[in-house]
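Quick notes on the structure that follows.
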Amino acid sequence: MLNWAARYYPIVDILKANGLFESGTVLEIGSGSVGLGRFRKVPFIGCDLTFPMEPVWPMTPLVASAAHLPLKDKEVDVVLASDILEHIPPELRKAVITEALRVAGKLVIFGFPCGNAAWTADRELRDAYIQANRTPPGWLNEHMEAPFPEPELFDGIVGWEIERQDNENIAFRSWLLRREMSRVFVRASSMLMRIAPWLIRILLKRVHRAPFYRQIFTLRYIGND
């Protein structure tokens, strides 16, 4: 779906820029049954609390809490979490970031919706589901349970170089997710992603403007932590 492309294409670009797209060990927190594997056909570990559907190759599933990862220090090259931090209770978000930094040897990537405008857009999207007599997806209901994460979560981190980038225009995302309430639109857009991903990239670049729904934080290990 196009919503997946908007989330994962920037992550793919970050991995490529750091020489970690075609090689390197990756742990994805909150991967679900597919995750990064939709865009990177290299084995990786997908971590989640449960896997209601059978995990899809090239993922190796790991059932665990993001706040208590059963991995050694610096055991993987990359830890990434796309649209997961907002589902973590606010009091545990720092612990999840700390665990990601502990097990990553080179790179940590966190992408998450940020700010009141993004939260309000999701509330309006949930209302649209209800008005259409549709059951809102579980992830959308969870978005309403707490404020979205803020950039200040990454303040004071030592030993890591931090870059921040904007991702996905709020209005475009709201329009897109309303369209994805239609199975016909989902099938058509999924086909377009398979046969012309370059066209999707052009579209996403054209609508890349403020206000933004999501922030992506890239942390590179530089030592001295």
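A short reminder: the numbers here are calculations on the coordinates, not readings from a lab. Bear in mind that the values here come from a model prediction, so they are computed numbers and not experimental data. Cβ coordinates were reconstructed from backbone atoms using ideal geometry, including for glycine residues, and neighbour counts include every protein chain displayed.
Spacing of the modelled spin labels on Val56 and Arg194, each 7 Å from Cα toward Cβ, amounts to 1.0 nm.
Near Phe21: Cβ cut-off under 12 Å, other residues only, Lys/Arg at +1 and Asp/Glu at -1. The net charge is 0. Calculated on the alpha-carbon coordinates, the convex hull of the chain measures out at 123 cubic angstrom per residue. Among Thr120, Thr218, the ranking by other beta carbons within 10 Å of each residue's beta carbon, starting with the fewest, stands as Thr120, Thr218. Among the trypsin sites (Lys or Arg not before Pro) within the stretch 25-78, those in coil by DSSP and having at most 14 neighbouring Cβ atoms inside 10 Å are Lys41, Lys72, Lys74. If you filter the stretch 19-94 for GluC sites (Glu not before Pro), then keep DSSP loop positions with at most 14 other Cβ within 10 Å, what is left? Here the sparse-neighbourhood loop sites are Glu22. Centre-to-centre separation between the Cα atoms of the stretch 109-166 and those of the stretch 2-80: 20 Å. When Phe21, Phe110, Phe212 are sorted by how many other C-beta atoms sit within 10 angstrom of their C-beta, beginning with the fewest, the order is Phe21, Phe212, Phe110. For the chain, the longest principal axis of the alpha carbon atoms and the long axis of helix 2-17 meet at an angle near 30°.
When Ser65, Ser189, Ser182 are sorted by how many other C-beta atoms sit within 10 angstrom of their C-beta, beginning with the fewest, the order is Ser182, Ser65, Ser189. Note on Lys74: aspartates and glutamates with a C-alpha under 12 Å away, same-chain residues under 8 apart excluded, are Glu99.
A simple count of charges around Glu150, restricted to other residues whose Cβ falls under 11 Å of its Cβ and scoring Lys, Arg +1 and Asp, Glu -1, yields -2. In order along the stretch 127-142, the Karplus-derived 3J(HN,Hα) couplings, from 6.51 cos²θ - 1.76 cosθ + 1.60 at θ = phi - 60°, round to 4, 5, 4, 5, 5, 8, 6, 10, 7, x, x, x, 4, 6, 4, 5 Hz, and Gly and Pro are given as x. Rounded, prolate or oblate: pick one for the stretch 1-103, where a ≥ b ≥ c are the square roots of the eigenvalues of its C-alpha gyration tensor, a/c under 1.5 means rounded, and failing that, prolate if a/b is larger than b/c, else oblate. Judged from the Cα gyration tensor, the stretch 1-103 comes out rounded (a/c under 1.5).
Cross-link reach is defined here as a Cα-Cα straight distance under 21 Å, omitting same-chain residues fewer than 8 places apart; for Lys72 the lysines meeting it are Lys94, Lys106.
Net charge near Tyr8, counting Lys/Arg +1 and Asp/Glu -1 over other residues with Cβ under 9 Å of its Cβ? Spelling it out: positives minus negatives among the neighbours equals +3.
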